[in-house]
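The values are calculated or read from the model by the stated rules, or taken from the named source; none is laboratory data. The shown structure was predicted, so the numbers you read here are calculated from the model rather than taken from an experiment. FYI the Cβ positions are ideal-geometry reconstructions off the backbone, even for glycines, and counts take in every protein chain you see. The accessibility values were calculated without ligands, DNA or RNA, using every heavy atom of the protein model including side chains. Shrake-Rupley method; radii C 1.70, N 1.55, O 1.52, S 1.80 Å.
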Amino acid sequence: MNRLAVRRRVVLGAYAVTVAAYAAAVAMILVELGIAVWIVNLTTVFYILVVRALDKGYDRAFARANLTMSCGQRLNQLQIADKGGLTREDVRAGGLFPLRREGKELVCGMDVQGRAGDVRVRICELTAYCEIFGEKEKLALLNGLWMEARLPGSTGLHLTLVQHGALDPDTAAAFYAGQGLTRLPLGEGALRDGFTLYGDEAGAKAAARFARRCVPLAQQAGRAGHKLVLSLHGDAVHVFLSGRSLTFRTPIRGRLTPEIVGWDRLPELSLLLTLAKESGPQKSSP
């Protein structure tokens, strides 16, 4: 909190210097136009190179403090990094969308890792190119939040829930068919009109139960305006929320209080942990 407050004062000071310099340039116009132009140019350079960097740094520092306070209540062994280390193999293993076969590596942003009991959690901002199947090779840029919960054992199931609009429908059908998944009925549940469910033979038997468990996470994504792709495959739950981010423009005015810094900006974490707990392998009775 104290370090964050210091960074906030530095950003406020930088903005104050910028405003004062522009005001001096306006006053100098009537005296010496050439000097006024130089002041404007130097102030603009100062704003672009210094003030914006300080502002973005404050946004990241606020996000780190917020995630430390809010996620620390739900995760042990919490680790937060400004740049995640997700690999193409990690994303391919999740099986949520078809990555471009060749090209640049993934672009990862802020990363959160920890444990909740025997469930390992990883959340990472992710930008990647998704292949669109068809006669011509096309790419779609996916930008959002990658979420992963590793269960203590395998469920023996493979199910994937896709919100309409999250992926090209023909691409989704072909991609999941390549994983041995077929389209399954969603029945009369809350997800019937906006989602498509794919699964293997074992998953088909648990499809209705799985769909019901996904409703809270799907509803949260809908309220926030994000598109959801979610899978349960073996010992892992994978989620991708398009358009979701851990960082955002942070107001610099007003007091910094524990309530402001620690508010829950990641309600999806609790919903992911609940889904992981409900979906995990059932312990046999002695």
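I want to confirm something. Restricting to region 48-77 and keeping residues that are among the hydrophobic types (A, V, I, L, M, F, W, C) and closer than 20 Å to E259 by Cα, which single residue is surrounded by the fewest Cβ atoms within 10 Å (Cβ to Cβ)?
Per the stated criteria, the residue is M69.
Quick check on T160: is it among the polar types (S, T, N, Q), open to solvent by less than 20 Å² (accessible area, probe 1.4 Å) and within 17 Å of V239 (Cβ to Cβ)?
Judged against the criteria, T160 is a match.
Filter region 68-100 for residues that are touching a residue at least 24 places away in the same chain (Cβ under 8 Å) and among the polar types (S, T, N, Q) and give the result.
S70, N76, Q77, Q79 - these are the residues of region 68-100 that are touching a residue at least 24 places away in the same chain (Cβ under 8 Å) and among the polar types (S, T, N, Q).
Test of understanding: among V45, V6, V11, which residue is free of Cβ contacts under 8 Å to residues at least 60 places away in the same chain, open to solvent by less than 80 Å² (accessible area, probe 1.4 Å) and closer than 28 Å to P258 by Cβ? Steps first, answer last, please.
Values: V45 fails: closer than 28 Å to P258 by Cβ; V11 fails: free of Cβ contacts under 8 Å to residues at least 60 places away in the same chain.
Matching residue, one of V45, V6, V11: V6.
Say we look at region 244-259 and pick out the residues that are polar (S, T, N, Q) and touching a residue at least 40 places away in the same chain (Cβ under 8 Å); which of these is nearest to G165 (Cα to Cα)? Steps first, answer last, please.
Initially, region 244-259 is screened for residues polar (S, T, N, Q), giving 245, 247, 250, 257.
Then drop every residue that is not touching a residue at least 40 places away in the same chain (Cβ under 8 Å), which leaves 245, 247, 250.
Working: S245: 19, T247: 24, T250: 29 Å.
Across region 244-259, the extreme among qualifying residues is S245.
Go through L217, L269, L232, L246 for me and flag whichever is under 20 Å from V91 (Cβ atoms), assigned to a loop (DSSP other than H, G, I, E, B) and in contact with a strand residue (DSSP E or B) (Cβ under 8 Å, 6 or more places away or on another chain). Reasoning before the result, please.
On the way: L217 fails: assigned to a loop (DSSP other than H, G, I, E, B); L269 fails: assigned to a loop (DSSP other than H, G, I, E, B); L232 fails: assigned to a loop (DSSP other than H, G, I, E, B).
Among L217, L269, L232, L246, only L246 is under 20 Å from V91 (Cβ atoms), assigned to a loop (DSSP other than H, G, I, E, B) and in contact with a strand residue (DSSP E or B) (Cβ under 8 Å, 6 or more places away or on another chain).
Tell me which residues, restricted to region 67-94, are more than 17 Å from the chain's Cα centre (by Cα) and of a type in the set (G, A, S).
Passing the criteria: G72, A93.
If Q113 satisfies all but one of (1) surrounded by fewer than 17 Cβ atoms within 10 Å (Cβ to Cβ); (2) farther than 30 Å from D170 by Cβ, what's the number of the condition it fails?
All conditions pass for Q113, except number (1).
Taking only region 134-157 into account, find how many residues are open to solvent by 50 Å² or more (accessible area, probe 1.4 Å), modelled with pLDDT under 90 and either small (G, A, S) or part of a strand (DSSP E or B) (or both).
4
Before we move on, is A204 closer than 23 Å to P98 by Cα, modelled with pLDDT under 90 and surrounded by 14 or more Cβ atoms within 10 Å (Cβ to Cβ)?
Working: closer than 23 Å to P98 by Cα: yes; modelled with pLDDT under 90: yes; surrounded by 14 or more Cβ atoms within 10 Å (Cβ to Cβ): yes.
It is true that A204 is closer than 23 Å to P98 by Cα, modelled with pLDDT under 90 and surrounded by 14 or more Cβ atoms within 10 Å (Cβ to Cβ).
Residue by residue, here is whether (1) closer than 30 Å to R7 by Cα; (2) touching a Gly at 6+ places or on another chain (Cβ under 7 Å); (3) free of Cβ contacts under 8 Å to residues at least 60 places away in the same chain; (4) of a type outside the set (A, V, I, L, M, F, W, C) holds:
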| position | (1), (2), (3), (4) |
| --- | --- |
| P185 | no, no, yes, yes |
| A208 | no, yes, yes, no |
| A218 | no, no, yes, no |
| A236 | no, no, no, no |
| S242 | no, yes, no, yes |
| V261 | yes, no, no, no |
| E268 | yes, no, no, yes |
| L272 | no, no, no, no |
| K277 | no, no, no, yes |
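Based on this model, can you work out whether E131 counts as modelled with pLDDT under 90 and surrounded by 15 or more Cβ atoms within 10 Å (Cβ to Cβ)? Reasoning before the result, please.
Numbers: modelled with pLDDT under 90: yes; surrounded by 15 or more Cβ atoms within 10 Å (Cβ to Cβ): yes.
Considered against the rule, which asks whether it is modelled with pLDDT under 90 and surrounded by 15 or more Cβ atoms within 10 Å (Cβ to Cβ), E131 comes out as yes.
Just for helices (runs of 4 or more DSSP H) wholly inside region 1-111: which have at least 3 residues that are basic (K, R)?
Because the criterion is at least 3 residues that are basic (K, R), the helices (runs of 4 or more DSSP H) in region 1-111 that meet it are 2-28, 52-71.
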